[in-house]
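Structure record follows, encoded as structure tokens.
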Amino acid sequence: MKTFANLLISIVVALWVVGTAILAVQNAEPVSLRFLTFQSIQIPVGLVLAFSAGVGIIGVALLQPLWGLAGSKERNSESDDSEFFVDEEF
């Protein structure tokens, strides 16, 4: 099952990379990003997409262990509750 999950993830990442490459080639004109009062220099769309995808992947990789820690607390509290309400016969 783990092999299938890895294959599926690889296919999704490959499709994402191909889609980004096609979009970058089709839109090769330089763009300038604006956020509030800040404005960037003129850079190609492909570079903006690659940078955004890289930041997103790194951000998810850094946050994923934190999501695992939050989920483990919930699982531990559920197991503690089930042990508290165990019926014992005398």
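The values are calculated or read from the model by the stated rules, or taken from the named source; none is laboratory data. Just so we're clear, the structure is a prediction, and the values are computed from it rather than from any experiment. With ideal geometry, Cβ positions are generated from the backbone for all residues, glycine too; neighbour counts draw on all protein chains shown.
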Somewhere in the range 2-11, is a residue over 20 Å from the mean Cα position of the chain (by Cα), surrounded by 10 or more Cβ atoms within 10 Å (Cβ to Cβ) and in a helix (DSSP H, G or I)? no
Of the criteria (1) of a type outside the set (Lys, Arg); (2) surrounded by 10 or more Cβ atoms within 10 Å (Cβ to Cβ); (3) touching a residue at least 12 places away in the same chain (Cβ under 8 Å), which one Glu29 fails: (2)
Just checking, how many residues over the range 33-59 are hydroxyl-bearing (Ser, Thr, Tyr) and surrounded by 10 or more Cβ atoms within 10 Å (Cβ to Cβ)? 2
When you check Val18 against the structure, is it among the β-branched types (Val, Ile, Thr) and modelled with pLDDT under 85, yes or no? no
Would you mind finding the one in Leu62, Leu23 that is at pLDDT 75 or above, part of a helix (DSSP H, G or I) and surrounded by fewer than 10 Cβ atoms within 10 Å (Cβ to Cβ)? Leu62
